[in-house]
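First the structure, in the form of structure tokens, and then the observations on it.
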Amino acid sequence: MTILDTAGPRAVRHRTARRGGPPVALARHAVALARRSLIKTLRTPEALIDVTLQPIIFLMMFTYLFGGAISDGDRHSYLQFLLPGILGQSLAMGGIALGQNLNADIEKGVFDRFRSLPISRSAPLVGAVAADIVRYLTVCVVILVAGAAMGFRIGTNPVATVAAVALAIGFGLSFCWLSVLVGMLVRSPGAVQGAMFMVIFPLSFGSNVFVPTSTLPGWLQAFVHVNPMTPLVATMRGLLVGGPVAGHLLPTLLWMAGFLVVLVPLALRAYSRRA
Amino acid sequence: MSDLVVRAEGLRKRFGRTQALEGVDLAVRRGTVLGMLGPNGAGKTTTVRILATLLRPDAGSAQVADVDVLRHPDRVRRLIGLTGQYASVDEDLTGRQNLVLIGQLLDLPGRDARRRAEELLDWFGLSAAARRPAKTYSGGMRRRLDLAASLVGRPEVIFLDEPTTGLDPAKREEMWGVVRAQVADGSSVLLTTQYLEEADALADEIVVVDGGRVIAHDTPEGLKRRVGGQRLLVRPADPARLPEVLKVLDDVAAPGMSAVLDTATGSRPGAATVPVTGDAVLGPVVAALAGAGVEVTELGLHLPSLDEVFFTLTGAPAGGADYDTPTTAKELV
């Protein structure tokens, strides 16, 4: 046993704490914790199915199964209309795994260790959210590549495309705090998924994702107009296919800011009450 | 600097309808081990979680190295290392990644975090497994990694919450060696356990807790004097020979004691136990039993079980009848 015949762990004392105020420390800790989440993701690539295969299945199902009926046989036009919508839906769904993972971490006691360390209480959550950038970027790339293979053509320019991807990641990073909050409140990872589906299905189907709003009954249009998915998808269409952007971008950004202002404090509070 | 590196006074905590702590007082002397002995639901984990800043008590106060736990939790977190009841390492990360991550969160520069990780891996005999995900580790290896993770920051005070529950005896002895080395190195330890044997092996002082209260505070020697020290247990192959066994054991009983039928191991009746003063009695007992032609299936010295300790101290089984012991799935694992 090597334990007894080598020098003890206190033999070398080097407590070289780094400099920097609390925000710098939070950023540094969040990066270290984000790296942890990424290592976990890379070690279990099947955990990326919801941001790779699943969007492709939705894209193909709606284009080839329902697309002909919805667009009177013009599947290509429908794909041009559908793809930015599927992107919006997939971003919302892509956040579910985050809440599930955090819920599992807490159950396993991993977060007890983090909470006993002299780091900001929010660092573990901020780090986990930051690592989700990779998932939202994956969604964008997968959908654009799969769409291109199916015949989708970007109707704008590279700058607008990059802006669309940036907006997509930003939306994903703000909406996923709902998943974080749910993950702190419910008892099992499975319950996170159930609760999130209850929110995401009405948002993605009761919107302009799959059909133009004008084809819907009046009462449903009223819901579509207050649905955060609607301005997001409209902006995405403008940036990827062409058309007006400005009028949709502002409400999208306001929704994103709203998510952060409301959900982040609630999630942090739920986190510090949990465990 | 105070001689008491951990102090807790009047800690109370209620979860819903369960009063987990009813006013716990304890103190850990610098450079020593305090053993906290009690059954599931006694309040051991709750106490540790309060001292480790993970939980706020409803009432009471606590200091770690003279820093108030409630007022300055951040400063306390720089002084402590916590090893939980179930190994709380990240299973998807390798042993090395787990330790480097903790180093980074403790603000060690990258190079130092890596060096510290290697040092601990080596020290805990985990170097060969350093590149494997922790989920491939055995139970004993996980416990060691978990303990290593709590030592990355060279804490002054180490909280060990049932560090050997579920480990086989060999692995348990190995963990004991680690804990002793920590203390030799200058750390102070608060250790919770369900085994008197473990508290006896490691602790300088023992508090016995039950139902959220400290019901005894003594040295291991003092406690053993009160609960009767070592016992010799003999189980004859034929239960009909028990009267003869009792007679043999009576002859070696500690002063003022007599042999009785074993009641603690309720599932398998047919054994007799007797408090003894040491292992010198073993030879005569074996000879006497052989002389009488009594075959035995079990013969051994053991310290009183937790049940026997509680029976002696309180006259009631561990986890007394006046409250419900919440047992979570985790505790059953």
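The values are calculated or read from the model by the stated rules, or taken from the named source; none is laboratory data. These numbers come from a predicted model, not from an experiment. Heads up, the Cβs are rebuilt from the backbone with ideal geometry, glycines too, and the neighbour counts pull from every protein chain shown. Keep in mind that these areas ignore ligands, DNA and RNA; they rest on the heavy atoms of the full protein, side chains included. Shrake-Rupley method; radii C 1.70, N 1.55, O 1.52, S 1.80 Å.
Miscellaneous remarks
- Probe 1.4 Å, accessible area per residue of chain B, Å²: 42
- The long axis of helix A:75-94 is offset from the longest Cα principal axis of chain A by roughly 20 degrees.
- Residue A:226-residue B:135 FRET efficiency (beta carbon distance; Förster radius 35 Å; 0.05 resolution): 0.15
- Low-density loop cleavage sites - trypsin sites (Lys or Arg not before Pro) in segment B:104-191, where at most 11 other Cβ are within 10 Å (DSSP): B:131
- Just the protein heavy atoms count here, and of the accessible area of the protein assembly as shown at 1.4 Å, carbon and sulfur take up 61 percent.
- Accessible surface of residue A:215, taken over heavy atoms with a 1.4 Å probe and every protein chain present, rounds to 90 Å².
- By the helix-only formula, in which each DSSP H run with n ≥ 4 contributes -39500 (n - 2.57) and the sum is divided by residues, chain B has a 222 nm mean residue ellipticity of -10000 deg cm²/dmol.
- Each listed q (0.05, 0.09, 0.11 Å⁻¹) maps to a log10 I(q)/I(0) for the protein assembly as shown, found by the Debye formula over equal Cα scatterers with no solvent: -0.32, -0.81, -1.04.
- Share, in percent, of DSSP beta bridges within the protein assembly as shown that are antiparallel, nearest 5: 65
- Using a Förster distance of 41 Å, the FRET efficiency for residue B:114-residue B:298 (Cβ separation, nearest 0.05): 0.20
- Shielding by partners, peptide B:100-111 (average Cβ within 10 angstrom, other chains): 6
- Share of pairwise Cα-Cα distances greater than 16 Å in segment B:52-113 is 59 percent (whole percent).
- Rounded to the nearest 10 square angstrom, residue B:127 shows an accessible area of 60 square angstrom against a 1.4 Å probe.
- Accessible surface ranking for A:46, B:91, 1.4 angstrom probe, highest first: A:46, B:91.
- Restricting attention to the protein assembly as shown, lysine pairs at least eight places apart or on different chains and with alpha-carbon atoms under 29 angstrom apart total 20.
- Within chain A, helix-based [θ] at 222 nm, where runs of 4 or more DSSP H residues each add -39,500 (n - 2.57), nearest 500: -23000 deg cm²/dmol
- Relative contact order (%) - criterion: Cα under 8 Å, at least six apart; region: chain A: 24
- Equivalent-ellipsoid semi-axes for segment A:91-151 (Cα gyration tensor, √(5λ), whole Å, largest first): 33, 12, 7.
- Spatial separation of Cα centroids for segment B:146-202 and segment A:133-212, in angstrom: 47
- Chain B - percent relative contact order, Cα under 8 Å, separation 6 or more: 20
- Spin-label proximity, residue B:251 to segment B:276-298 - amide N less than 12 Å from point 7 Å beyond Cα toward beta carbon: B:283-293
- Among the residues of A:103-116, the average count of other protein chain beta-carbon atoms within 10 Å of the residue beta-carbon is 6.
- Dimensions of segment A:183-273 from C-alpha coordinates, computed as largest minus smallest value along each principal axis and given longest first, are 46, 25, 23 Å.
- Coordinate range of the alpha-carbon atoms in segment B:168-298 per principal axis, descending: 53, 31, 29 Å.
- Where chain A is the region considered: accessible area per residue in Å², 1.4 Å probe: 44
- Inter-chain Cβ neighbour average for residues B:185-195, partner chain, 10 Å: 1
- In chain A, the longest principal axis of the Cα atoms and the axis of helix A:189-205 are about 30 degrees apart.
- Accessible surface of residue A:223 - all protein chains present, 1.4 Å probe, nearest 10 Å²: 80
- Here, chain A has an Rg and a Dmax of 21.5, 80 Å when only alpha carbons are counted.
- Put simply, when B:295-305, B:55-65, A:171-181 are sorted by average Cβ atoms within 10 angstrom per residue, most first, you get A:171-181, B:55-65, B:295-305.
- Here the Karplus curve 6.51 cos²θ - 1.76 cosθ + 1.60, taken at θ = phi - 60°, turns the phi angles of segment B:189-205 into couplings of 10, 10, 10, 9, 7, 9, 10, 4, 4, 5, 4, 5, 6, 10, 8, 8, 9 Hz, with x standing for Gly and Pro.
- Viscosity 0.692 mPa s, 37 °C: Kirkwood-radius Stokes-Einstein D of segment B:230-302 over Cα pairs, µm²/s: 276
- FRET efficiency, 1/(1 + (r/R0)^6) with R0 22 Å, evaluated for residue B:307 and residue B:217 via beta carbons: 0.65
- Within chain B, the proportion of Cα pairs with more than 31 Å between them is 40 percent.
- ³J(HN,Hα), Karplus 6.51/-1.76/1.60, whole Hz, each residue of segment B:168-181, x for Gly, Pro: 6, x, 5, 5, 4, 4, 5, 5, 4, x, 4, 5, 4, 5
- For segment B:215-298: relative contact order, % (alpha-carbon pairs under 8 angstrom, 6 or more apart): 38
- Alpha carbon Rg of segment B:1-124, scaled by the compact-globule rule 2.2 N^0.38 Å: 1.21
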